[in-house]
Amino acid sequence: MIDAIVQALSIVFTVEGILIIALGAMVGTLVGAIPGLGGAITLALLIPFSFALDSNIGILLLIAALGGVNYGGSIPAIMLNIPGTAPSVITTIDGYQMSKNNQGGMALGASAAASAAGAIIGLVFLMLMIPVVTQILLLFGPPEFLVVSVIGLLIVASVLKGSLTNGLIGVALGVTLGFHGFNSITGGLRFDFGILYLYDGIPLMLLIIGLFAISEMIVLSRDGSASLSDEVDLGESPMKGVVAVFQNWKLLFKSAVIGIIIGVIPAIGATVSTLIAYSRAKAGASDPSTFGKGDVRGVIAPEGSNDAKDGASLLPTLAFSIPGSPSHAVLLGGILVHGVTPGPSLFESANIYVVFLMVFGLLFSNLITSGVGLVLAKQVVKIANVPPALIIPSVVVLSMFGAYAYRGNPVDMVLVLIMGLFGYLTIKAEISRIAILFGMILGPIIEDTFHQTMQIMRIDSSRVLNSSVLVLILILIVGMFTYRYYSARSA
């Protein structure tokens, strides 16, 4: 374990590693500040460019960008009442009121400090859990991963925004897309329609670019965006916000714990964690009436929870290929493109340095983002005023360039456009694109582990039927769904 940590740090603390982390953090901050884009689209645009880098450096770029998005989204949320990302919606409640009260700088300082501290707490939790997860994964074989993957798809379908039916449709569409091309176990062809291009299946990276980047540009071209004021007044010093975070350290820690708990649950996402953290902060306050009127605690709670969630969400993402949030679903696609396969092989002694590489990349990204973001906040907030006429062609050109650079095949650019139109239609039909992405990632895993489980059953059926780990997983899953059912009825 120590050797893996040293190996990861030796990659991070190189000129290339530091520059890439700084670049990723700044890109994430800038794109996160543009309303409507956010983490998934940021990563979707960066994946093709990361593919041109060394695998370790490419992963650092992606994880650093993920760390920058959260704070970037809070800047327009606080200063303009326009959340750059979905979780930043909760930050607007008190953050924008503080800005109106000439305390915008203080709110940004609190957001930066809470984000950095929350990220550190979440990553400490992840590092403490790595030895535990390593031992747990030793107990998992194909039957256990088959059940976990199937249950993961059911959880995704049931908890994502929209109806259960639409969630199941999204998962089914994703699984279908993932089944194109050769079966890795039997060698048979599926859904190729006699087209040679489909023999290798639909590349995950091209699906991500089209499904998120291109479809969002279609939506943006339809909806447009509001024109904002060029004048931004920060008011009070950001350092007052930093001091306020230390004064409310108990609230920060409690909010970070909420983010950790929500983060390890697949598909719940950051918006839920920020909402719960804010509501608990208000309920536990001696003077709850100040919340919603510009209370700095209303900024500390959601921001601390939001960034603590990222470290915790890496746990199911890297251990079981079940992303903890939409951004982590795209991140999973990115690391798969780089040849890194989550699961037991990633936590083996030869590969576990990659886990620590992501931990340190996310940590330093959050620290850089919080520090630089405070200095450049007044300039970054103006990015929210960039007109769609500039955003749309820029994103489309980057998407086409990335698609072509992937394999040098012009047909890939056509596929990205098709996937973009497909993504737009799913948005119109209120079918979650995250469910589609989960289905495409987990579908092949389910297929492979199913074939492997059947082979095990033919040799020794008792290995599956008498698996205590499998029984424990099923008991936990039944308990979880039972709890959700009665909670929904009582609500």
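Overview of values
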{"item": "Only one of Ile214, Ile202, Ile276 that is of a type outside the set (Lys, Arg), closer than 28 Å to Ala116 by Cα and at pLDDT 80 or above", "result": "Ile276"}
{"item": "Flag for Ser163 being modelled with pLDDT of 75 or more, of a type in the set (Ser, Thr, Tyr) and either under 28 Å from the mean Cα position of the chain (by Cα) or closer than 30 Å to Leu470 by Cβ (or both)", "result": "no"}
{"item": "Among (1) in contact with a Gly (Cβ under 7 Å, 6 or more places away or on another chain); (2) more than 20 Å from His328 (Cα to Cα); (3) not polar (S, T, N, Q), the one test that Ile21 misses", "result": "(2)"}
{"item": "Residue match in the range 391-402 (condition: modelled with pLDDT under 80 and surrounded by fewer than 21 Cβ atoms within 10 Å (Cβ to Cβ))", "result": "yes"}
{"item": "Count of the range 5-31 residues which are assigned to a helix (DSSP H, G or I) and either acidic (Asp, Glu) or more than 11 Å from Gly67 (Cα to Cα) (or both)", "result": "17"}
{"item": "Unmet criterion (only one of (1) in a helix (DSSP H, G or I); (2) surrounded by 15 or more Cβ atoms within 10 Å (Cβ to Cβ); (3) modelled with pLDDT under 80) for Asp192", "result": "(1)"}
{"item": "Residue within the range 250-259 that is modelled with pLDDT under 80, among the β-branched types (Val, Ile, Thr) and within 30 Å of Ala319 (Cα to Cα) present", "result": "no"}
{"item": "Out of Leu108, Leu139, sole residue that is outside any helix (DSSP H, G or I), more than 22 Å from Ile262 (Cα to Cα) and touching a residue at least 60 places away in the same chain (Cβ under 8 Å)", "result": "Leu139"}
{"item": "Which listed residue, of Ile151, Ile208, Ile169, is surrounded by 24 or more Cβ atoms within 10 Å (Cβ to Cβ), in a helix (DSSP H, G or I) and touching a residue at least 60 places away in the same chain (Cβ under 8 Å)", "result": "Ile208"}
{"item": "Per-region count, the range 89-104, residues small (Gly, Ala, Ser) and farther than 11 Å from Ser74 by Cα", "result": "2"}
{"item": "Leading residue by the ranking (farthest from the chain's Cα centre (by Cα)) among those in the range 315-330 that are of a type in the set (Gly, Ala, Ser) and in a helix (DSSP H, G or I)", "result": "Ala319"}
{"item": "Unique residue being touching a residue at least 24 places away in the same chain (Cβ under 8 Å) and either surrounded by fewer than 24 Cβ atoms within 10 Å (Cβ to Cβ) or assigned to a loop (DSSP other than H, G, I, E, B) (or both) when the list is Ile34, Ile63, Ile47", "result": "Ile34"}
{"item": "Residue in the range 399-456 that is farthest from the chain's Cα centre (by Cα), counting only those that are of a type in the set (Ser, Thr, Tyr) and farther than 20 Å from Asp200 by Cα", "result": "Thr453"}
{"item": "Ile75 modelled with pLDDT of 90 or more, surrounded by 24 or more Cβ atoms within 10 Å (Cβ to Cβ) and not basic (Lys, Arg)", "result": "no"}
{"item": "Every pair of residues 6+ apart whose Cβ atoms lie under 6 Å, when the first sits in the range 302-323 and is hydrophobic (A, V, I, L, M, F, W, C) while the second is in a loop (DSSP other than H, G, I, E, B) and surrounded by fewer than 24 Cβ atoms within 10 Å (Cβ to Cβ)", "result": "Ala312/Val264; Leu315/Val264; Leu318/Pro342"}
{"item": "Checking Leu137 against (1) loosely packed, with under 15 Cβ neighbours inside 10 Å; (2) touching a Pro at 6+ places or on another chain (Cβ under 6 Å); (3) not hydroxyl-bearing (Ser, Thr, Tyr), the condition it does not meet", "result": "(1)"}
{"item": "Sole residue being touching a Gly at 6+ places or on another chain (Cβ under 9 Å), surrounded by fewer than 21 Cβ atoms within 10 Å (Cβ to Cβ) and assigned to a helix (DSSP H, G or I), chosen from Ile441, Ile418, Ile427", "result": "Ile418"}
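For every residue, the table says whether it meets (1) among the hydrophobic types (A, V, I, L, M, F, W, C); (2) assigned to a loop (DSSP other than H, G, I, E, B); (3) out of contact with any Gly (no Cβ under 6 Å at 6 or more places or on another chain); (4) at pLDDT 80 or above.
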position	(1), (2), (3), (4)
Lys293	no, yes, yes, yes
Ser313	no, no, no, yes
Leu332	yes, no, yes, yes
Ser345	no, no, yes, no
Ser349	no, yes, yes, no
Leu357	yes, no, yes, yes
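The values are calculated or read from the model by the stated rules, or taken from the named source; none is laboratory data. All values reported here derive from a predicted model rather than from experimental measurement. Quick reminder, even Gly has a Cβ in these numbers, built from the backbone with ideal geometry, and neighbours come from all protein chains shown.
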